[in-house]
Amino acid sequence: MQPTIAANALAYVKQIFENDFSGHDYFHTLRVYRMATHLAEREGADVQTVQLIALLHDVDDVKLSPATHQNKDNARRFLAQNGVEQAAADEICRMIGEISYVGTDSVTPATLEGKCAQDADRLDAIGAMGIARAFAYGGSHRRLMHHPDIAPKTNMTEAEYRQNNSTTINHFYEKLFLLTDMMSTDTAKRIAKQREQYMRDFIDEFMAEWDGER
Ligand code: ADP
Ligand code: NI
């Protein structure tokens, strides 16, 4: 892609997410952009399209910008101002709408480009990065790290997932350990397996320390 569009998009995202401490900061988008580029190259997807989806995937997020979520107004304005044709912009916005994790209401994107962008976003929710983001999110939402009497709930719909107010440790069972099987591309599946193992080792250590065994 023209380097200027990527640079413009990164500058735009930096400004939008300046005050976000819930796990959607600028560096999240930067990591997703880099991972999405890697997946696109390995999987033979259209790199420019994947990069634009990755760069703009959170600018109309329902939690961060509910008023623009439906029509993807922020992404559309950015694409128009940067000379992307209307038809290509429509397609990019449609694919952005498919990538978010919404419990059992999540969808698998129809195109390889959407799959690469979704896998990259999900990879950033697991591994060392996923552990750090989960506890950062939990702190910013005033959640307990762990409560032995509160059991995890799986198979949540979008509404249940959004209302859920459980502990951060439960989030591993409610979402993070489910993501490996939800990856679409082979490249992402391989990376996800390693990251999942790292998280499982972390949970084992956490529980052993919690119980005073180590
Ligand atoms: P998305 O990136 O698909 O918009 P979310 O906004 O749901 O996803 O999540 C942002 C980050 O916060 C992710 O790393 C996610 O795993 C984490 N997160 C979301 N919900 C919780 C929760 N209940 N407890 C801990 N971490 C969470
Ligand atoms: Ni994201």
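The values are calculated or read from the model by the stated rules, or taken from the named source; none is laboratory data. Note that the structure is predicted; figures quoted are calculated from it, not measured. So basically every Cβ, Gly included, is an ideal-geometry build from the backbone, and we count neighbours across all protein chains shown.
Per-structure values
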| read-out | value |
| --- | --- |
| Restricting segment 58-96 to residues that are under 26 Å from F27 (Cβ atoms) and acidic (D, E), the residue that is surrounded by the fewest Cβ atoms within 10 Å (Cβ to Cβ) | D73 |
| Filter result for the condition that a residue is hydrophobic (A, V, I, L, M, F, W, C), within 19 Å of the chain's Cα centre (by Cα), over 21 Å from A192 (Cα atoms) and part of a helix (DSSP H, G or I), over A159, A132 | A159 |
| Conditions (1) hydroxyl-bearing (S, T, Y); (2) within 15 Å of ligand 2 (Cβ to nearest atom); (3) touching a residue at least 60 places away in the same chain (Cβ under 8 Å); number of the one not met by Y26 | (3) |
| A9 crowded, with 19+ Cβ neighbours inside 10 Å and either assigned to a helix (DSSP H, G or I) or away from ligand 1 (no atom under 14 Å from the Cβ) (or both) | yes |
| Residue check for V47: modelled with pLDDT of 95 or more and within 11 Å of ligand 2 (Cβ to nearest atom) | no |
| Residues of segment 102-118 satisfying the condition of being under 20 Å from R34 (Cβ atoms), in a helix (DSSP H, G or I) and away from ligand 1 (no atom under 11 Å from the Cβ) | L112, E113, G114, K115, C116, A117 |
| Subset of segment 88-129 [among the small types (G, A, S), at pLDDT 95 or above and either within 12 Å of ligand 2 (Cβ to nearest atom) or in contact with an Asp or Glu (Cβ under 6 Å, 6 or more places away or on another chain) (or both)] | G114, A117, A120, A125 |
| Residue that is nearest to T68 (Cα to Cα), among those in segment 29-44 that are among the β-branched types (V, I, T) and within 13 Å of ligand 2 (Cβ to nearest atom) | T29 |
| Segment 149-169 - residue that is free of Cβ contacts under 8 Å to residues at least 40 places away in the same chain and more than 10 Å from ligand 1 (Cβ to nearest atom) and, of those, surrounded by the fewest Cβ atoms within 10 Å (Cβ to Cβ) | D149 |
| From I126, I99, residue being aliphatic (A, V, I, L, M), within 10 Å of ligand 1 (Cβ to nearest atom), surrounded by 20 or more Cβ atoms within 10 Å (Cβ to Cβ) and over 30 Å from R77 (Cβ atoms) | I126 |
| Hits in segment 132-160 (condition: of a type in the set (A, V, I, L, M, F, W, C) and within 16 Å of ligand 2 (Cβ to nearest atom)) | A132, A134, A136 |
| Pair list, Cβ < 7 Å and 6+ apart or interchain, from segment 94-108 residues that are of a type in the set (F, W, Y) to residues that are buried (at least 17 other Cβ atoms within 10 Å of the Cβ) | Y101/R122; Y101/K175 |
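Residues checked against (1) among the charged types (D, E, K, R); (2) in contact with a Ser or Thr (Cβ under 9 Å, 6 or more places away or on another chain); (3) closer than 27 Å to E41 by Cα; (4) outside any helix (DSSP H, G or I):
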| position | (1), (2), (3), (4) |
| --- | --- |
| N71 | no, no, no, yes |
| A75 | no, yes, yes, no |
| L79 | no, no, yes, no |
| G83 | no, no, yes, yes |
| A88 | no, yes, yes, no |
| E91 | yes, yes, yes, no |
| E98 | yes, yes, yes, yes |
| A120 | no, yes, yes, no |
| Y137 | no, yes, no, no |
